[in-house]
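The values are calculated or read from the model by the stated rules, or taken from the named source; none is laboratory data. Keep in mind that this is a model prediction, so the values were computed, not measured. Heads up: the accessible areas ignore ligands, DNA and RNA and are worked out on the full protein's heavy atoms, side chains in. Shrake-Rupley method; radii C 1.70, N 1.55, O 1.52, S 1.80 Å.
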Amino acid sequence: FFDTEGVQAKSDIENLWNIFEAAINYADSNTNENREAFIKFYDLAKDIKGVKWNLTMGLFWIRPFKYVNLDEKNREYIKFKFNQNIKTLPNGEEYLNLCDKLLEDIKNINIKDFPELSHKAWQFPPPPPPPPPPTENYDKNKFLQEVYITDKEYNKLEKLIKEKKNIILQGSAGVGKSYAAKKLAYSIIGEKDNERVKMIQFHQSYSYEDFIMGYRPNENGFELKEGVFYKFCEDARNDEGNDYFLIIDEINRGNISKIFGELFMLIENDKRGEEYALELIYTNEKFSVPENLYIIGLMNTADRSLAMLDYALRRRFVFIDLEPAFNKPQFREDLESKNIDKDLINKIIEKFTKLNETIKTDKTLGKGYTIGHSYFCNRKNLNKEDYEDIINYEIAPTLREYWFDNEDKAEKEIKELLNI
């Protein structure tokens with residue numbers, strides 16, 4: 001039934017014979033009693049050293065129309081045909097459920113039984129990977145052309161993320177946090193590769209099941225699904241020569257302890273790699289965060305609805321302030337390159353520099369509420385009418401919210417912005 005090389009104890013041999021007998025009994029008579037016996041002895045046998053996937057192979061040999069063989073070839077074929085990614089040996093109940101489900105599913109693709117499934121699997125060549133999407137080279141110089149920070153600030157930013165592996169870009173709305181985060185990742189990677197740069201957004205309902213792993217409903221009940229962080233870590237682990245960047249927008253909106261669960265420790269820069277692997281709660285699989293994965297969190301400092309940020313999060317990240325760039329030469333140069341009227345450019349810089357000083361010195365607000373420059377970026381045209389639309393429909397509502405208890409103050413600042 002099995003090659004017993006490496007079997008350590010007499011009880012191991014006994015358990016192998018027990019699953020042999022229980023498998024035959026259940027295949028011949030699928031009573032609840034026989035099913036429970038199968039699950040019991042399967043679970044004892046699967047943990048015997050040297051057994052692993054051979055357990056399912058042996059079951060297939062003795063009753064090929066009842067039990068599926070989960071060798072590597074069959075697993076590849078099952079993954080391709082039925083979107084079932086079987087990474088770890090299932091327990092007894094999971095294995096029987098899988099066999100029952102596959103017996104139904106194979107009928108839909110005109111396969112009559114498991115022997116034919118196995119035959120098809122050995123004939124089946126693994127599908128060639130899709131060609132990688134074309135990428136565009138990207139470096140520090142391009143970053144400095146597109147993001148309004150200095151050469152010195154870029155060097156510090158790059159040094160911090162490479163050392164700490166986790167950074168948070170924080171600032172008020174409109175300072176270009178998400179834009180800068182993506183461009184920073186591209187500049188370190190050396191190209192615009194969206195396979196290695198992933199952006200997600202946290203919110204109050206975001207959970208461990210979304211991020212790591214959890215059961216999700218399907219047409220037959222529930223199935224265990226891998227979350228975005230788990231899958232991205234696996235991508236990075238399988239491509240250890242390249243850097244991967246996970247960008248988390250609104251990182252302070254999520255319940256960090258709930259989302260990361262037992263893995264929060266593993267994102268620390270000195271806790272990366274297999275040496276610090278922990279067991280996942282759903283599968284008991286050992287899991288670690290690879291060295292080549294970096295996390296960039298984005299945080300809006302003007303969000304009144306958020307409580308104080310989790311101190312555990314603060315300890316694992318370094319924080320970088322991004323501020324409005326109205327006074328930076330790159331902002332002026334960018335607008336001038338679009339043939340925008342120079343007088344209008346001067347007015348924008350003058351008006352918003354003054355407004356942001358007013359916001360900074362307001363005791364109820366502060367620099368976390370300043371107005372960002374991105375309202376005026378990435379626009380093909382910007383004339384007086386466009387400027388007024390930006391003020392009236394994008395910035396004025398924000399200022400009225402800032403000074404909701406001082407209406408006259410809000411209207412005065414809006415009027416001043418419109419007076420060009």
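Okay, here's what the table says:
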| item | result |
| --- | --- |
| Mean projected area in nm² (Cα convex hull; one quarter of hull surface) for region 227-364 | 12.2 nm² |
| Helix axis angle, 72-82 relative to the chain longest principal axis, alpha carbon, degrees | 60 degrees |
| Those aspartates and glutamates that a straight Cα-Cα span of less than 14 Å connects to Lys192, excepting residues fewer than 8 apart in one chain | Glu136, Asp139, Glu146, Asp243 |
| Long-range HN-HN contacts of Val318 with modeled amide H, under 5 Å | Asn166, Ile167, Ile168 |
| Region 49-147 - convex hull of the alpha-carbon atoms, volume per residue in Å³ | 191 Å³ |
| Of Phe326, Phe20, Phe202, the one that fluctuates the most in a GNM where the chain has Cα springs shorter than 10 Å | Phe20 |
| Listed pairs Lys112/Lys286; Lys177/Lys328; Lys165/Lys380; Lys177/Lys367; Lys87/Lys271; Lys52/Lys258 exceeding 26 Å between Cα atoms | Lys112/Lys286; Lys165/Lys380; Lys52/Lys258 |
| Accessible area per residue in Å² at 1.4 Å probe, computed on region 175-243 | 48 Å² |
| Accessible surface ranking that places the most exposed of Met57, Met299, Met199 first, with a 1.4 angstrom probe | Met199, Met57, Met299 |
| In sequence order, calculated HN-Hα J values of region 279-294 (Karplus, 6.51, -1.76, 1.60; Hz; x Gly/Pro) | 7, 6, 5, 8, 10, 6, 6, 6, 9, 9, 9, x, 4, 8, 10, 10 |
| Candidate lysines - alpha carbon under 21 Å from Lys363, same-chain residues fewer than 8 apart omitted | Lys351, Lys354, Lys409, Lys412 |
| Accessible-area composition of the chain, carbon plus sulfur, in percent [1.4 Å probe] | 47 percent |
| The chain - Rg and Dmax from Cα coordinates, angstrom | 29.2, 91 |
| Of Lys231, Lys363, Lys342, the one that fluctuates the most in a GNM where the chain has Cα springs shorter than 10 Å | Lys363 |
| Percent of Cα-Cα distances greater than 17 Å, calculated over region 246-325 | 53 percent |
